[in-house]
């Protein structure tokens, strides 16, 4: 019996979405593990310093951050991560006070979703699926972006190199003229 095309969609390695989960809460981690299923790779990190290592090393597209695992203010940590990885989909978990303190990052979209703890596996699945959908949309949008968007960067580099060559010629001519007259 042949599988329908949709059934094999996530069997492709490029379609496996990887999630990094920063938490020290075993119940929270268990709920997320139950929620994500086999079509997503879940990387659990207990400390914030390991998050960047995983993000740099792989094709991780989603960070689920339990703020109780941080030893620094969540806003500063999130701002730093988003500067390094602007396309990263970030889901934050915490209490109402944490949500209030991150309201600016939530309203600008730096934090995609906020999860109130404790959380059931069914609710975790909804949040994980929404984050995966957001990440997949971003990936699809980047893959179909027209080449013309990249061209201005190339022209800017060419313009800079031309300016440097011109400046070198002007300075070289000036030195040559002063050396021959002096």
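The values are calculated or read from the model by the stated rules, or taken from the named source; none is laboratory data. All values reported here derive from a predicted model rather than from experimental measurement. With ideal geometry, Cβ positions are generated from the backbone for all residues, glycine too; neighbour counts draw on all protein chains shown.
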- Query: How many residues, within the range 6-30, are at pLDDT below 50 and within 30 Å of residue 117 (Cα to Cα)?
  - Reply: 1
- Note on the structure: Filter the range 118-142 for residues that are within 18 Å of the chain's Cα centre (by Cα) and surrounded by 16 or more Cβ atoms within 10 Å (Cβ to Cβ); the one that is farthest from residue 66 (Cα to Cα) is 139
- Message: I'd like to know if the range 84-97 contains one or more residues that are outside any strand (DSSP E or B), under 22 Å from residue 36 (Cβ atoms) and touching a strand residue (DSSP E or B) at 6+ places or on another chain (Cβ under 6 Å).
- Response: yes
- Item | The listed residue being loosely packed, with under 13 Cβ neighbours inside 10 Å and within 11 Å of the chain's Cα centre (by Cα), out of 87, 53, 95, 49 | 87
- Task: From (1) within 13 Å of residue 62 (Cβ to Cβ); (2) without any contact (Cβ under 8 Å) to a residue 60 or more places away in the chain, pick out the condition that doesn't hold for residue 94.
- Result: (1)
- Quick check: anything in the range 98-117 assigned to a helix (DSSP H, G or I), farther than 25 Å from residue 140 by Cβ and within 16 Å of the chain's Cα centre (by Cα)? no
- Are there any pairs with C-beta distances below 6 angstrom linking a residue in the range 118-146 that is free of Cβ contacts under 8 Å to residues at least 40 places away in the same chain and outside the structural domain of residue 19 (by TED's automatic domain parsing) to a residue that is surrounded by 14 or more Cβ atoms within 10 Å (Cβ to Cβ) and outside any helix (DSSP H, G or I), with the two at least 6 apart or on different chains, and if so which? none
- Identify, please: which residue in the range 98-117 is in contact with a helix residue (DSSP H, G or I) (Cβ under 9 Å, 6 or more places away or on another chain) and exposed (fewer than 13 other Cβ atoms within 10 Å of the Cβ) and is, among those, farthest from residue 82 (Cα to Cα)? 116
